Each structure stands twice: as C-alpha cells, then as structure tokens.
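What follows is a short report on a single structure.
Laboratory data are not the source of any read-out in this text; all were calculated from the coordinates shown. All values reported here derive from a predicted model rather than from experimental measurement. Neighbour counts run over all protein chains shown; Cβ positions are idealised from the backbone, glycine included.
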Amino acid sequence: IPVDPFDLVVVGATGDLGRRKILPALFRRFCAGQMPKGARVIGAARSDMSQDAFCDLVADAVREFSPKQAGEPGMLDGFLACVDYQRIDARGSKGWEALAAKLTPGRVRAFYFSVGPSLFGDLARRIREFGLVSDLTRIVVEKPFGHDLASARALNATLAEQFDESEIYRIDHYLGKETVQNLMAVRFGNMLFEPLWNSQYVDHIQITVAESVGVGGRGDYYDRAGAMRDMVQNHLMQLLCLIAMEPPAKFEPDAVRDEKLKVIRALDAMSPHHIVRGQYVADPAVPAGTDGPLGYRDEVGNPRSTTESYIALKAHISNWRWAGTPFYLRTGKRLVARSSVINVMFKDAPHSIFGADAGRHANTLTIRLQPNEGITLHVTIKEPGPGGMRLVDVPLDMSFAEALGPDGRDPADAYERLIMDVIRGNQTLFMRGDEVEEAWAWTDPVIAGWQSRGDVPKPYVIGTTGPVDADLLMKRDGRGWRGIN
Ligand code: BG6
C-alpha cells in the first residue's frame, strides 16, 4: 500500500547502519512502488560531502546490499532522484537552516537518529530550536537504548523534553521480522493454540537465538555490552513478551505494548544459579597460526575480557497463566549455526492407554524465526507396521516458502516494514519508553551481581552449541535443549 509523500532525514546516513540497512531498505520499498514520487530521503551527517558523493555512497550501498533490485532497469536512478544530502553539526548550528529549507510543509517528516545515543539530546534540541518540527514529526532511534536503567531513563527524559511519546519510535528490529509478527498471528488468529497456552498444558518454553558470526568489527561496543545487553534485554525479551503476553484487545500500539509491559513486570528476579555465561574460544583442533576464526578475547583485543558472548538462562513469569512454567532463553555468537527458534514444549498426556512399552512423546510447537522460516507441530502417531501399538513422533511441517510461494520466500526485511510503519504513524512494533526501562530494571541486578562476584564466563569452542553448563541448566530440571539446527 503506497504511503503519502514524506521527508525522511537519516542523521548519520553515511554510517554502517545507514549503508547496510536503512538506505537499502528504503530502496527496496521504492522498487516495490511504496515510496511515492516526491518523497525525499535526506542524508545528514557531519562529513563535508557533495550531493554527488552522497549519491555514489547510496548507489554503492544499494548495489552491495540489494543487488537484485539494483539490477532492475531504471530503479537505481529513480531512487537517487529522491536522495539529498545536508551537512549538519549536531552540536552546533551549522547546516540546520539549510536542512529546514529542504523540508516540505504539510508532510510527514521523520528524523532517523542513526548515531550514538550521546547525540540524541543535541539532535532533539536542534530540531526544535531550528523550527524543524511540525504536527507530523517522528523521531526514530535505534538500540542500544541505554546501557542500564539509569542511562535509559536519562535518554527517555532527554527525548521527552522535546517530543511526545507518540512521536518517538524506538526500533527493535526483531519486531519487524515477518516471522516475529507471525507469532502473534499464530497465537491470536487460531482457536487451536490459545486454550492450551498456559502452565496447565505447557511444560516449558525454549527461545534460542543462535548466531554463527562473531563480534566482527564491533568489538569495542560489544565488549562493553555483552550478550545480556546486546541481545537479551531487547530482542529475546521482546520474543518472550510476544509468546507470554495476554491477548491484547486490539492490534493497536498501546494495547499490545501494555500487555508486553505486564509480562516484563511479572518476571521474577533472576537467580544467579539460573544463568550460564559463556565466551567463545578458538577451536584447539585448528593449529595456531592458521586461518581459523579467532577466540573472543583475541577478536576484541582484550586478553582479560570477562564479557559474555553467550548466555543461557531460566526465567519465571509469576502470573496466573505462567506460574510454574519455566522459560529457557539462550543466545550466543560463533555457535554451530545461525538459527532463531522458539519451542513450546507441551506436557505429556496425563495417562498412556497403550502401556509403558509403547513410548510417549510430548507435543512440541516449533516456530522457526530464521532461517527456513516456518512452523512445525510435532504430534504422536502409531508407528506403521504390524509390530503392535508403538508410538512415534512425527512433524507436521509448514515452511513459509513452500506454503506462501514468493511472498513467503522473500519476506520484506525488518527495516523496510519498520520504516514504513514510522511513515504511517503506527507504533505497534516499536518499544515504548516504559518497556525499555522495565527490561533494564530486570537485567541490571543480574549484571551488577556478575560484577560484584567477579564472574568469569565459561569457555565454549567456536562452532559448538555453547558451554556444557547450559546443558546442565536444563538437565538439572530433567529437560534438554532442542537442537540448534
Ligand atoms: C543486533 C545485535 O541487534 O542483532 C547483533 O547488536 C546481532 O550483535 C544482531 O548480531 C542479530 O540480528 P539478526 O537480524 O541477524 O538476527
């Protein structure tokens, strides 16, 4: 559905996020016919760059990250015609009047802060001071949204000085993923699951976000963050909320966000015995001096780092629906595969009429977020053949690519959806300030505990499923992780 012409100012457009995600996402929306003629994408940064040089940067980014669409005749030139550049000084006054002159009255004007949070306050003040605000102003900010509760509160307060909460769009790109939204469709669009979606029928839930990549060029940031701040406080927390929340009355921003907030507030304080931290080490089978991937400490250049690149934890939600059903979460880098999966593990049938020898298999609902997006329901049937009543577990498997054809195979990227939601003014898939703060309020004491105890993460070898202790976390409860692949 096309949107009305808009002005989108990408502050920090020349940075990594701008090049990899924001500009290619806008380009793909342009190719899909969703960006109307006359819409403007205005890059704003402190580099003294000509309009042509910026267009070259955009063209390179688009060719690298959207090669298919960039090859379609006329598309790239058409998109570049919408692109503009303005040098600005976030901390001073340079460039702001010129930027104001480039904005068209009466249309949505969104400012995407693709810069470090230390600049949010200055940018917000400049936008107001130089009269860039209108009735249709939207401010988009990226994670990391704070480093802890105090810094997140300070950021929220800084933004709140200039803008109303209804104008602020905090991106968690996991919420823009097609399959993450499908969680809500599966839960609330079917009669089948919701009656069973509680501690009476669900034994436990596993949420795995495994990555095969390491920290790459982001070592500096990551070593100060670690998996808890980088992934759990935001992406995994959002998945947990969508899985655990009560049905909102409507698929509307505050209705959904109110329910998510209640989940975070109902989380029990974490016990240190329910958390395993890990840090990847080089594979000892790869001889030193050869080209195998580096261990975490070598990769970030901090030989004594105690930052976790992996975390597994058991969380409890103390409310009527979930009391007694643990949620096991794990995420890590340099694991055996890239795979984000949620497994809803149902309880055993209360009684087996077939006797102990027939075997028993509890049902599992597996939601594959990426890759091979789809859903599998494991059900129990009779093993074929004349051997009597023996039970086997078989998958009812649905791959989005097969079921939905081209739309399922090539879902829109999270950023495409989220940027267009900003333009439409739909905040449903964006985090509200109080959600972010509550999530920090839950993670802060855990991190403080590690610091005060001098906790050192357990080593795990690159390409494995993580530290052995994470398996023990499950084993102690008589359970086991489902495979990562
Ligand atoms: C980012 C984290 O928010 O999400 C990265 O900072 C992580 O460390 C990335 O690699 C994972 O996103 P995706 O979409 O590749 O699963």
Q: Select from the stretch 119-159 the residues that are in contact with a Leu (Cβ under 7 Å, 6 or more places away or on another chain) and within 16 Å of the ligand (Cβ to nearest atom) and list them in ascending order.
A: 142, 145, 146
**Q.** Those residues of the stretch 106-118 which are assigned to a loop (DSSP other than H, G, I, E, B), in contact with a Leu (Cβ under 9 Å, 6 or more places away or on another chain) and within 17 Å of residue 21 (Cβ to Cβ), in sequence order
**A.** 114, 115
Q. What number goes with the only condition from (1) over 22 Å from residue 451 (Cα atoms); (2) among the small types (Gly, Ala, Ser); (3) without any contact (Cβ under 8 Å) to a residue 12 or more places away in the chain that residue 212 does not pass?
A. (3)
Q) Is at least one residue of the stretch 165-179 without any contact (Cβ under 8 Å) to a residue 12 or more places away in the chain and either under 18 Å from the mean Cα position of the chain (by Cα) or surrounded by fewer than 19 Cβ atoms within 10 Å (Cβ to Cβ) (or both)? A) no
Q: Test residue 297 against the criterion of being within 16 Å of the ligand (Cβ to nearest atom), among the basic types (Lys, Arg) and closer than 19 Å to residue 213 by Cβ, and give yes or no.
A: no
Q) Which ones in the stretch 61-89 are part of a helix (DSSP H, G or I) and buried (at least 17 other Cβ atoms within 10 Å of the Cβ)? A) 61, 62, 65, 69, 70, 75, 76, 79, 80
Q. Looking at (1) touching a Gly at 6+ places or on another chain (Cβ under 7 Å); (2) more than 16 Å from the ligand (Cβ to nearest atom), which is the only condition residue 334 fails?
A. (2)
Q. Just checking, which of 109, 125 is surrounded by 17 or more Cβ atoms within 10 Å (Cβ to Cβ) and closer than 18 Å to residue 45 by Cα?
A. 109
Q: Would you mind finding the one in 368, 360 that is touching a residue at least 12 places away in the same chain (Cβ under 8 Å), among the charged types (D, E, K, R), more than 16 Å from the ligand (Cβ to nearest atom) and outside any helix (DSSP H, G or I)?
A: 360
(Q) What pairs come out if I take residues in the stretch 215-234 that are part of a loop (DSSP other than H, G, I, E, B) and pair them with residues that are more than 8 Å from the ligand (Cβ to nearest atom) whose C-beta lies under 8 Å away, six or more apart or interchain? (A) 215/223; 215/296; 215/299; 215/300; 215/309
Q. If you go through the stretch 205-214, how many residues are in contact with a Phe, Trp or Tyr (Cβ under 9 Å, 6 or more places away or on another chain) and either β-branched (Val, Ile, Thr) or in a helix (DSSP H, G or I) (or both)?
A. 4
Q) Taking the stretch 207-227 on its own, how many of its residues are more than 21 Å from residue 282 (Cβ to Cβ) and either aromatic (Phe, Trp, Tyr) or surrounded by fewer than 22 Cβ atoms within 10 Å (Cβ to Cβ) (or both)? A) 3
(Q) Under 6 Å between Cβ atoms, which residue pairs at least 6 apart in sequence (or on different chains) link something in the stretch 84-112 that is under 23 Å from residue 166 (Cβ atoms) with a partner that is aromatic (Phe, Trp, Tyr)? (A) 100/130; 107/6; 108/6
**Q.** Considering residues of the stretch 88-118 that are farther than 26 Å from residue 220 by Cβ and charged (D, E, K, R) only, the residue nearest to the ligand (Cβ to nearest atom)
**A.** 109
